[in-house]
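The structure under discussion appears below in the form of structure tokens.
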Amino acid sequence: DLLHNAYSTASDDDDEVEEKPETKHQILPLPSSKRPKPDNPYSTITTSTSLKPPYYMPPRHSPSPNPNPNLQTEAPVPGRYVSKRERALFGSSPRVSDPNPNPNPSSTPTSSSASGFGSISDSSIPHDIMSSLRHQREDRAWLGRISERLTIALRGHSKAVNAIHWSPSHGHLLASAGMDHTICIWNVWSRDQKKVRVLSFHNAAVKDVRWSQQGLSVLSCGYDCSSRLVDIEKGIETQVFMEDQVVGVIKFHPDNCNLFLSGGAKGHLRLWDIRTSKVVHEYIRSLGSILDVEFAINGRQFISSSDVSRSNVSENSIIVWDVSRQVPLSNQVYVEAYTCPCVRRHPFDPFFVAQSNANYIAIFSSSPPFKLDKYKRYENHGVSGFPIKCNFSLDGEKLASGSSDGSIYFYNYRSSKLVRKIKAYEEACIDVAFHPIMPNVIASCSWNGDVSIFE
């Protein structure tokens, strides 16, 4: 039976042969396995039989067992060539039914806020933590404390975590953006389940996440060429800002929570208005991929860091822009041929720092002429091509940085000396974030997907 089915099957081009009046020799149809053509070609799910692969394989009901148990018995993958022998074997074997004929129609990206996740409420937080969150202490002894040990480990991402950010209005909530296409919202000190939301609205890796200054909303961006605003309380996506580039970084304006800045892989910088979902300003210059952006204290300027590895000229690595006039104020800030994956301004002093791939943090003046301080730098940690970030403490006296060796480095801002080093992970420590109220608390994330809290 197997040989008969194999050799009696019509060739691939039999259906394309048309009978002509002047042809002397008529092509007779094979009586065995040739299936008749339907009267109405649209009465079945197949198209014309003259189409090239993939072939339509009609189901055949044969009582004979499958002669080759290792042969694939499901429908062939569309686009793959199916040989004549394989089609014959397929036709003689029973069709495997779909194990899930009725898939769940509601399998769209949503917020996972159902059972199994905790609450965003602060009702289950210990009393001493709530007291610290509600009453910010101002004494210098408290402000000068440095995190010492790991107190909470948050595991929820299956791939690397690119960014973390504390909520400025709800100090018990932390957001983390991962390469696994998700954003996790954590109720850090909750006695119950600490993971309270998993946002899966992005269909690609998430690069950055930022809490809105007002309300329980987060703004995120990623490799799906979009920035998305999500209401955490309702678990719904409220706005989508599509672009023509992979969006790598976002920042809210310090004085207007309705404005945010985005930078992407094509070097485009755009200032968006949430109220209209439109671009207010666009900052055009021949730049590489935008690595980071940071607003100045007054909100009238911002600093951008871009990739200069494709050119021999290091200008445009760091540019200071005028927000309203859309012009660069200086593009000769950093003249070394290294990319800077992170830029952070000092909370009080007119300075900003840039994390350099030369394995040090450089410091610059944030007022004209925006000069590099050649006599002070923060060096002991490693970058090694990772998007390592750094951040200032609440009082601005400490500068913390991640490192490619998995440690957190604490520097004295004024002397640039290393104060403390904490081994946090086996893989690279990507981002660090001081708590907005409690100065002795710092969060960090790693390349292996872990998020940690140190106190």
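Points worth noting:
- Residue list for the range 322-346, given a label point 7 angstrom along the Cα-to-Cβ vector of N256 and an amide N cut-off under 16 Å: 322-327
- Once you divide the Cα radius of gyration of the range 153-201 by 2.2 N^0.38 Å, the number left is 1.07.
- Square roots of five times the Cα gyration tensor eigenvalues for the range 201-245, Å: 18, 10, 9
- Computed over the range 217-327, relative contact order equals 16 percent, with contacts defined as Cα pairs under 8 Å that lie 6+ residues apart.
- Rolling a 1.4 Å probe over the protein chains gives Y409 an accessible area of about 10 Å².
- Using the alpha-carbon positions of the range 117-275, Rg (one decimal) and Dmax (whole number) come out as 16.5, 49 Å.
- Exposure of D244 as accessible area (Å², to 10), given a probe of 1.4 Å and all protein chains: 80 Å²
- Reduced Cα scattering model of the range 352-427, Debye log10 I(q)/I(0), q = 0.25, 0.28 Å⁻¹: -1.22, -1.42
- Tail beyond 25 Å, pair distance distribution of the range 308-455 (Cα, percent): 28 percent
- Cut-off 10 Å between beta-carbons: net charge of the residues surrounding E427, Lys and Arg +1, Asp and Glu -1: -3
- The range 182-207-the range 394-455 distance, computed between alpha-carbon centres (Å): 21 Å
The values are calculated or read from the model by the stated rules, or taken from the named source; none is laboratory data. Model, not experiment: these values are computed from the prediction. Virtual Cβ from ideal backbone geometry, glycine too; neighbours counted across all protein chains shown. Only protein heavy atoms, including side chains, enter the accessible area calculation; ligands, DNA and RNA are left aside. Shrake-Rupley method; radii C 1.70, N 1.55, O 1.52, S 1.80 Å.
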